[in-house]
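Colleague: Before I ask anything, here is the structure I am working with.
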Amino acid sequence: MKKIALLGSTGSIGTQTLDVVRQLNDRFQVVAVTANTNVELLNRQIAEFKPLHVGITHQTLKHTVKAGRGLKIYSGEEEILGMIEVLECDLVVVALAGAAGLRPAVTALTSGKSVALATKEVMVLAGELVNTLICQKNKQLRLQHKPEIDLYPIDSEHSAIWQSLRSGKQEEVEKIILTCSGGPFLGKTKEELKHVSVAHALNHPNWKMGKRITIDSATLMNKGLEVIEATRLFSVSPQLIEVVIHPQSILHSAVQFQDGSIIGQFGFPDMRLPIQYVLTYPERSKNTFSRLSLADVGSLTFAKPDRETFPCLSLAYTALEAGGTMPTVLNAADEVAVSLFLQEKISFLEIPELIATVMSDHSVVQEPTLEAILAADSWAREKSFTYNSSRRTHFMFRT
Ligand code: MN3
C-alpha cells in the first residue's frame, strides 16, 4: 500500500486525485487530507477515505470538522506544516492554489518526502531553491541509507514531457515542445480583445479548471508560467522550450531528441491521467477512463503563438531571464491582475500592462531565500493593487 497525503483535497485536482484513488483503492491509502474552507466536502472525504490526519486552513472552521476515532485535526497554516513534517507517507500530493503551496511543498521535501506537484507556482516562485533543497536532502538520505526523494509533475504538459523524457537521456534532448490550447481567444486581434467580458474569458474550450488558471489560459500567462516550471523541473534552458499552439489539446507536450525524433504523449484532456501516472509511477495501471481514438479525432493542428496579441508569454521569458525574485513578481502581479479583471476593475488587455508595470518597478534579488521570495510576493501584490490603469507602461517586451 502506497501512503498518500493530499494537500488541497477539496479542489479540482484534489477531488480528481481521490477519483483515481477510488478506482485503485487496493493500492493506495490516503493518510492525510487538507482543505481551505469546504468543510462539507472534507467531512464526506473523511468518512469515505478514513485518513489519520486532517488539516483545515481556516482556524475558525476547526470545530466543524467531524472528528472520527483516532483522527488528528490540525488547523491553521503552522499546524498543517507541523503535520506535514511528522507524517509517515510515501508521497505528498500538493494541489493547493497558488503561492499557498510553496511552504507545504518545501516542508514535505525537507522532511524527506517525495512530492507530486500540481501547484505550478511552487517551481515558478522557488524552482532553484527547491532543486538545491532536493540535492542536499538526497545527499543526507544517501548517507543514512534511506530512499531518495523526488519531485514529480502533475501539470498535464509537464507530465507529458516527463513521460516523453523516459525514452532518452537528458543529454540527448534537443528541444522541449510545450503545447498550448490557445484558450478561448485564439486567433483574435488586439482590437477584438479590448472589450471581452469575464464570462467569455472564463469559457475555456477544452479544460474545466479554476477561475485564475482559466483566465491565465486566455492571456497565455498559464503557458508562460509553465515555461518557467518546465525549465526548473527538467533543468533545461528557456531557449530549449518551444511553445506550440495546439487547439485540440490532444498532444499534451513532447520532447525532440538529438536524432530529430519527436516523442510525445497523446490523450484526452483529462487530469486523472497525469494524476494516475504520478501515483502509480514507475508503473502504469489499468483504468476505465475513456479511450482516445485518433481516427475519431481526425485532425490535429499546430501553430506558432501570437506573442504580439498575447504579451504574457514574452513577459514570462523576460522574468525567467531576469531570474531571482522576478518570476515571483510576475506570478503575484498576474494573480492580482486576474482578480481585478474578474471583479471588472481592469480590462482584459490591462492584465499584461499591470504585470509589466509591476515588473519594471522591481529590484531583483538573486538566489533568494524562502523569506526573500515571500517578501517579493507580498511586495508585488501590494504594488499591483495600487496599479493605476491610466498609467501606461514603457516596459520592453522581449520576444
Ligand atoms: Mn497545464
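Colleague: Starting from the coordinates of the alpha-carbon atoms of the stretch 323-389, obtain the Kirkwood hydrodynamic radius over all distinct pairs and give the value in Å to one decimal.
Modeller: Numbers: mean 1/r = 0.0855 Å⁻¹.
In the stretch 323-389 this quantity evaluates to 11.7 Å.
Colleague: Could you work out how much longer the chain between ARG44 and HIS145 gets when fully extended? Use 0.36 nm per residue separation minus the Cα distance between them, nm to one decimal.
Modeller: On the way: separation 101, 0.36 × 101 = 36.36 nm, distance 3.95 nm.
Gain on stretching ARG44 to HIS145: 32.4 nm.
Colleague: Something else about it: Treating the stretch 168-302 as a set of equal point scatterers at the Cα positions, no solvent, please give the Debye-formula log₁₀ I(q)/I(0) at q = 0.19 Å⁻¹.
Modeller: Debye curve over Cα of the stretch 168-302, log10 I(q)/I(0) at q = 0.19 Å⁻¹: -1.30.
Colleague: Can you give the extra length, in nm with one decimal, that the chain gains between SER299 and ASN206 once fully stretched, where that is 0.36 nm per residue apart less the Cα-Cα distance?
Modeller: Numbers: separation 93, 0.36 × 93 = 33.48 nm, distance 1.57 nm.
Computed gain between SER299 and ASN206 is 31.9 nm.
Colleague: Let me ask something additional. Can you work out ³J(HN,Hα) from phi for every residue in the stretch 144-159, in order, using Karplus 6.51 cos²θ - 1.76 cosθ + 1.60 and θ = phi - 60°, giving whole Hz and x for Gly and Pro?
Modeller: With coefficients 6.51, -1.76 and 1.60, one gets 8, 6, 10, x, 6, 9, 8, 10, 10, x, 10, 3, 4, 5, 6, 5 Hz.
Colleague: A further question follows. What list of ³J(HN,Hα) values in whole Hz, one per residue of the stretch 314-319 in order, does the Karplus curve 6.51 cos²θ - 1.76 cosθ + 1.60 (θ = phi - 60°) give from phi, with Gly and Pro shown as x?
Modeller: 5, 4, 5, 5, 4, 5
Colleague: Using C-alpha positions alone, give me the convex hull volume of the stretch 1-149 per residue in cubic angstrom.
Modeller: Working: hull volume 15.2 nm³, N = 149.
Enclosed volume per residue, from the Cα hull, is 102 Å³.
Colleague: A further question on this structure: Where q = 0.14, 0.19, 0.26 Å⁻¹, what log10 of I(q)/I(0) comes from the Debye formula for the stretch 1-76, counting one point per Cα?
Modeller: Normalising to I(0) and taking log10 leaves -0.38, -0.69, -1.27.
Colleague: Still on this structure: For the stretch 98-173 and the stretch 247-319, write down the distance between their C-alpha centroids in whole Å.
Modeller: When both Cα centres are located, 20 Å separates them.
Colleague: Can I ask one more? Using just the alpha carbons, could you tell me how many Å³ per residue the convex hull of the chain encloses?
Modeller: On the way: hull volume 59.6 nm³, N = 399.
Normalising the Cα hull of the chain by residue number yields 149 Å³.
Colleague: Continuing with the same structure: Sorted from largest down, what three extents in whole angstroms do the Cα atoms of the stretch 86-227 have along their principal axes?
Modeller: Largest first, the stretch 86-227 extends 61, 37, 22 Å along its Cα principal axes.
Colleague: While we're looking at this one, here's another question. Return a whole-number percent for the relative contact order of the stretch 2-153, with Cα pairs under 8 Å and 6 or more residues apart as the contact set.
Modeller: Working: 258 pairs, mean separation 30.8, N = 152.
20 percent.
Colleague: Would you mind calculating the relative contact order of the chain from Cα pairs under 8 angstrom and at least 6 residues apart, reporting the percent as a whole number? All intermediate terms of the calculation are to be shown ahead of the outcome.
Modeller: Working: 678 pairs, mean separation 56.0, N = 399.
That works out to 14 percent.
Colleague: What 222 nm value per residue comes from the helices of the chain, counting each DSSP H run with n ≥ 4 as -39,500 (n - 2.57) and dividing by all residues, nearest 500 deg cm²/dmol?
Modeller: On the way: 16 runs with 173 residues, N = 399.
-13000 deg cm²/dmol, from helical runs alone.
Colleague: Now for a different question. Can you run phi through the Karplus equation (6.51, -1.76, 1.60; θ = phi - 60°) for the stretch 351-360 and list ³J(HN,Hα) in whole Hz, with x for Gly and Pro?
Modeller: 4, x, 5, 4, 4, 5, 5, 5, 4, 5
The numbers here are math on the coordinates, done by the rules we state, and not lab data. If you're wondering where the values come from, they're calculated on a predicted model, not measured in any experiment.
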